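Please treat every number below as a calculation from the coordinates, not as lab data. Because the structure is a prediction, the values reported are computed rather than measured. All Cβ positions, even for glycine, are placed from backbone atoms using ideal geometry, and neighbour counts span all protein chains on display.
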Amino acid sequence: MGKEVEANGKAEAVESKFQLRSWEAVAASTVVLSFLVGLLSVYLTIPDSDYSFLKLPRSLEDLQVLRGHLENYTSDYTAQVLVGYCVVYIFMQTFMIPGTVFMSLLAGALFGIFKGVALVVFNATAGASSCYFLSKLIGRPLVFCLWPDKLKFFQDQVAKRRKRLLNYMLFLRLTPTLPNTFINVASPIVDVPYHIFFLGTVIGLIPAAYVTVRAGLALGELQSMGDLYDFNSIATLFLIGVVSVTPTLMTKS
């Protein structure tokens, strides 16, 4: 009887731990509504034309073809392209669909470096945030199934660096220590507060976004994805990441 009560207590604790607060439920609902409104807006405002070239790019060749078709279209229908771009990017981030790096390259090719970086950081942060809230609702079984070892490592690191958690999240965003997709899904599971997650994402993604968007300016010259990050770019990102995590390393666990 005592064990049953204890088990029920643990189940209730887990349930309450992963129950959305009212403002979080509103945020999650807003994300879904934004997708619907964005897609509807694009559908209702695009002019009649042949859109057979529109598809998610899976290679540099696909991306170059898409860029070629969208360049002139963007100058005439900037608002439609922006809305469509944002909806697709956030959708991909939310549901962990691979290929956002191609969308970041496309931002540089279509909008230039400054607008492109702002666009990528905004969409990547919005998509990561919606993924965070979605994972808080239904992500726990998925994370335990797909990444049990990574989850244990992440949970231990978060627990040890709780006092300097923002620095650690910045480090993770700036370096390939853990995949960004995993960070988005696992953060609510290991009790990373949303405000820390948000700040770590919006600040930590800027350097990598700059590198990718800048490469998109010379999209026609890229021969492979290996050309995207040269040694200097990778070294710079690691250096910034080490600087950001230094305070956590100096803190006693």
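Once all Cα-Cα distances of segment 77-164 are split into 5 Å bins that start at 0, what whole-number percent is in each one?
Computed distribution, short to long bins: 3, 13, 17, 19, 16, 12, 10, 7, 3, 0.
Going by amide H atoms built from the backbone, whose H comes under 5 Å of the H on V190, apart from near neighbours?
none
So if we plug the beta-carbon distance of R58 and K152 into 1/(1 + (r/R0)^6) with R0 = 41 Å, what FRET efficiency do we get, rounded to 0.05?
E(calc), rounded to 0.05, equals 0.80.
Taking neighbour Cβ counts within 10 Å as the exposure measure, how do R164, R58, R214, R173 sort from fewest upward?
Result, fewest neighbours first: R58, R214, R164, R173.
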